[in-house]
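The values are calculated or read from the model by the stated rules, or taken from the named source; none is laboratory data. Quantities reported herein were computed from a predicted structural model and do not represent experimental measurements. Here the Cβ is made from the backbone with ideal geometry for all residues, glycine too, and neighbour counts use every protein chain on show.
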Amino acid sequence: MTSLTPLSFPKTRSALWDNSPAGDKLRLQLCTHRKPRLVLLEKALRLAQRHARHSNKPHLLCFLLGSLCVDADEEGVTVTLDRFDPGRDQPGAAGRVPTALLPGDVLVPCLFSAETVTSSDAVVQSEAELHHCFKVLQQCVSGRQTLDLSQLLRVRGRVVCSQQSDAAAFSLSWSAVCPSVSVDVQPVRAVPIIPTALLRSLTGANRPPLHANRQRGFLTMDQTRKLLLLLESDPKASSLPLVGLWLSGVVHVYNPQVWAWCLRFLCSSALQDRVLSESGCFLLVLFGSTHRAPQFFQCRGSTSGPQLDYRLLTASQRVTLYQVTTYTEAGFPVHQL
């Protein structure tokens, strides 16, 4: 197909692909195989402790910053917090804001207390804070901006520190909110794809190695029921009839990046015309490094409307740090949220 050839979607929006199962069904969630894991580096905790001690305040709100990455086996995600940010007051803001937030950062507000708290004060996230998390997650998923997996896990922490003669004992509590929407995926027979430069770059012998150049986009069709790949950045994606999505740079369909991209397709307000099958399914095409040919799946989300359901995850741990002249780069034992 050339740029001069107009794209015409099939006049009949039914039976657009063969939905005969070609494998077992799998349910995708952020926690498909295991819950998210959190690692806090010692240096960040020591800096936060020092700042809280010098502030002479019984309670101090500050921030821990880091990153979220998909685990090597693609069966989960790990949040690594390696930086401390004291935050600052900003006119017009409801509370303190971070001073050095970078694109892609995971931002974790954290309340430090230098005294024993009662059970009524030990709540990591209040009801109002939870509702704020719900609102932010809804905006991220349904908005028009690019969606990053790190935006789908909202973490908040509470640290209670008890100072001893040569050590400090910390009680660490974490609370995280993520969408609980699941996506059922099942392999189906291959659907013809219109040969384009984009398709050749994804399937050719010189395609980029795994994770080197992850790309994603949407699927539309011509009147012969052949798929056309569109990049996420293609402005036509917002107005053309879309039958699904595609993703490269992953090995397994249960990679959390796949779940996040499916969520985007289901909920984004930027997509005006989603064409689902009679059973409410859409197509997913994966271009992986372990398969020369693309893999085809039929997907169905558990959400039937724009509003999301959510899941609350919690974790806690006690840690003792002794006085040292230098601190290590190692993280503490992993918290499983």
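Name the strands (runs of 3 or more DSSP E) wholly within region 105-224 that hold at least 1 residues that are more than 24 Å from Ser67 (Cβ to Cβ) and at pLDDT 95 or above? Give the derivation first.
Working: elements: 106-113, 154-163, 167-179, 183-187, 216-221.
Once the strands (runs of 3 or more DSSP E) in region 105-224 are filtered for at least 1 residues that are more than 24 Å from Ser67 (Cβ to Cβ) and at pLDDT 95 or above, what remains is 183-187, 216-221.
What tally of residues in region 33-56 results from selecting those that are surrounded by fewer than 17 Cβ atoms within 10 Å (Cβ to Cβ), touching a residue at least 24 places away in the same chain (Cβ under 8 Å) and assigned to a loop (DSSP other than H, G, I, E, B)?
2
So in region 78-101, with the set limited to residues that are basic (Lys, Arg) and surrounded by 15 or more Cβ atoms within 10 Å (Cβ to Cβ), which one is nearest to Ala44 (Cα to Cα)?
Applying the filter and picking the extreme gives Arg83.
Please tell me if Thr2 is at pLDDT below 90, surrounded by 14 or more Cβ atoms within 10 Å (Cβ to Cβ) and not assigned by TED's automatic domain parsing to the domain that holds Ala168. Give the steps one after another, and end with the answer.
Numbers: at pLDDT below 90: yes; surrounded by 14 or more Cβ atoms within 10 Å (Cβ to Cβ): no; not assigned by TED's automatic domain parsing to the domain that holds Ala168: yes.
No: the conditions fail for Thr2.
Would you confirm, using the coordinates I've provided, whether Leu312 is hydrophobic (A, V, I, L, M, F, W, C) and part of a strand (DSSP E or B)?
On the way: hydrophobic (A, V, I, L, M, F, W, C): yes; part of a strand (DSSP E or B): yes.
Yes.
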